[in-house]
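**Q** One structure follows; several queries about it will come next.
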Amino acid sequence: MEVRSVRTPQPARELLVPEGVVKKPPSFPREPGLLGIVGNPVRASLSPAMQQAALRHAKLDACYRAFEIAPDQLRPVLRALPPLGFWGINVTIPYKEKVVALLDEVDEQAGAIGAVNTVVVRDGRLFGHNTDAEGFRVALEIEGRTALPGARVLIVGAGGAARAVAFACLARGCGQLLIANRTAARARSLCRALRANFPAADVAAAVTGGAEGNRLVGSCGVVVNTTPLGGNPADPPPVPLAALRRGQTVVDIVYRPRRTPLLLAAAAAGATTVDGLQMLLHQGALAFALWTGREAPTAVMRRALAAAAARGAGRVTRLAP
C-alpha cells in the first residue's frame, strides 16, 4: 500500500468538489456503474437513499446499494470491485480501520487518521480516502455554528469515526482533546497515534464515569459521541446526561433515531445540538465528488436523507459466505 499526498478540501457552506480532485473526464467513470456501502450491520444506513438521489439528479447511470459482509469477506469483496464495474464504495463500522492495509493507495490524510471511509476505483486500483473528518468539521462549524479553534473537546469512542473526528479537531486547533472509551487501553492508543501527527497538541485519555466524569463532561465546550450508543432504547448513555449544560455543543453521529437520548437531554439543558444526519450528509457529498468528479447536489441529498429517515430502514444485500 502506498500513501500519497492530496490537498485537504477547503471550507465551504455547500460542499463543492474537493480541491485536488480532478474533474471527471467524459470517458470516466464508465456507465453504467455500481457504488455501495460495506459494513456490518448496515441495515440502518441511509447512504443508499442519499447517494441514489444524487446520482439520479446528476443523470448518472449508476446504482448504490448496502452490502452487509462478514470480516473474512472484506478482502475478496474489495478485489472484486474493479472487475464488477464499481466506481467505489463507502466503508462503515467495523471496517474503517481494517480496510486501510487492503488498498493499493491511501491519501495522506486518511493515512494519518488511520481510517478510510471512501474507496475510489481507478484503472483497476483501489484508492482510500477519509471524508469523515471534513464532514464532521462542516457539520460542527457550519451547521452547528461552533468554532473548533481553542475549544475543549471530549470524544466518546476510539474507533474509525473517532479517529476522523479527533483529526479534524486537532487540525483546526482545538485547545484540548480528551478521548473516553469503554476500553481505556484503546483510548490511550488513539492518543498516542494523535500525538504522532500533532506533537504539540494537548491530548489525553479520559473517564466519563462517576463524579469526576460529571465534572469532565461539564467542563468541555464540545462533546461528541462517536459510538453506536443511542441507536437502541436499552443503550446506556455515552456520557452522564445530567452533566450537559447550556453553552455546550453536543454532537451525536448516531442518526437512527435522529434525536437520540443524548441530543434530547442536551437540548433540554440548553446546549446546541448537531445530529448524525449532518455529518452523514457532508461526508457523503465529498465521497460523491471523489467518485464522479462532479459537484455534489447537497440540497437534493439533504432532502433525500430527511425523507429516508422518516421512512425507516432500507434494503440490505447480505453476501453469502
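Readers should treat all values here as calculations from the given coordinates under stated rules, not as data from a laboratory. What you see is a predicted model, and the numbers here were worked out from it, not measured in a lab. Virtual Cβ from ideal backbone geometry, glycine too; neighbours counted across all protein chains shown.
**Q** What does the net charge come to around residue 222 if you take all other residues with beta carbon closer than 15 Å to its beta carbon, with K and R at +1 and D and E at -1?
**A** +1
**Q** When the dipole is taken about the Cα centre of the stretch 83-231, and only Lys, Arg (+1) and Asp, Glu (-1) are charged at their Cβ, what size is it in debye, to the nearest 20?
**A** 480
**Q** Considering only the other residues whose Cβ falls under 9 Å of the Cβ of residue 163, what net charge follows from Lys and Arg at +1 and Asp and Glu at -1?
**A** -1
**Q** Would you compute, from DSSP H runs of 4+ residues alone, the mean residue ellipticity of the chain at 222 nm, taking -39500 (n - 2.57) per run and dividing by the full residue count, rounded to the nearest 500?
**A** Only helices count here, giving -10500 deg cm²/dmol.
**Q** Pop a pseudo-label 7 angstrom from the Cα along the beta-carbon direction at both residue 186 and residue 30 and give the gap in nm to one decimal.
**A** With each label placed 7 Å out from Cα toward Cβ, I get 4.0 nm.
**Q** What dipole magnitude, in Debye to the nearest 20, does the chain give about its Cα centre under +1 on Lys/Arg Cβ and -1 on Asp/Glu Cβ?
**A** 440
**Q** In whole percent, what relative contact order does the stretch 165-321 give with Cα contacts below 8 Å and a gap of six or more residues?
**A** Relative CO of the stretch 165-321 lands at 13 percent.
**Q** A further question follows. Rounded to whole Hz and in sequence order, give me ³J(HN,Hα) for the stretch 224-238 from the Karplus expression 6.51 cos²θ - 1.76 cosθ + 1.60, θ = phi - 60°, writing x for Gly and Pro.
**A** Result, ordered by residue: 10, 9, 10, 8, x, 4, x, x, 10, x, 7, 5, x, x, x Hz.
**Q** Once you order the gyration tensor axes a ≥ b ≥ c over the Cα atoms, which shape class does the stretch 87-143 get: rounded for a/c under 1.5, otherwise prolate or oblate by comparing a/b with b/c?
**A** prolate
**Q** In the Gaussian network model of the chain, springs joining C-alpha atoms below 10 Å, which of 224, 91, 300 carries the largest mean-square fluctuation?
**A** 300
**Q** OK, next. In whole Å, what are the Cα extents of the stretch 134-276 along the three principal axes, biggest one first?
**A** Rounded to whole Å, the extents work out to 38, 32, 26 Å.
**Q** Also, quick follow-up: Give the calculated FRET efficiency between residue 303 and residue 268 to the nearest 0.05, with a Förster radius of 25 Å applied to their Cβ-Cβ distance.
**A** Computed FRET efficiency for residue 303 and residue 268 comes out at 0.35.
**Q** May I pose another question? How high is the relative contact order of the chain? Use alpha-carbon pairs under 8 Å, at least six apart in sequence, and give a whole percent.
**A** It rounds to 22 percent for the chain.
**Q** For P(r) over Cα pairs in 20 Å bins from 0, in percent, one of (i) 27, 52, 20, 1; (ii) 19, 21, 11, 8, 13, 22, 5, 0; (iii) 34, 59, 7, 0 was computed from the structure I shared and the rest are decoys. Which label?
**A** (iii)
**Q** Please go through the stretch 156-202 and write out the trypsin sites (Lys or Arg not before Pro) that DSSP classes as loop and that have at most 16 other C-beta atoms within 10 Å.
**A** 182
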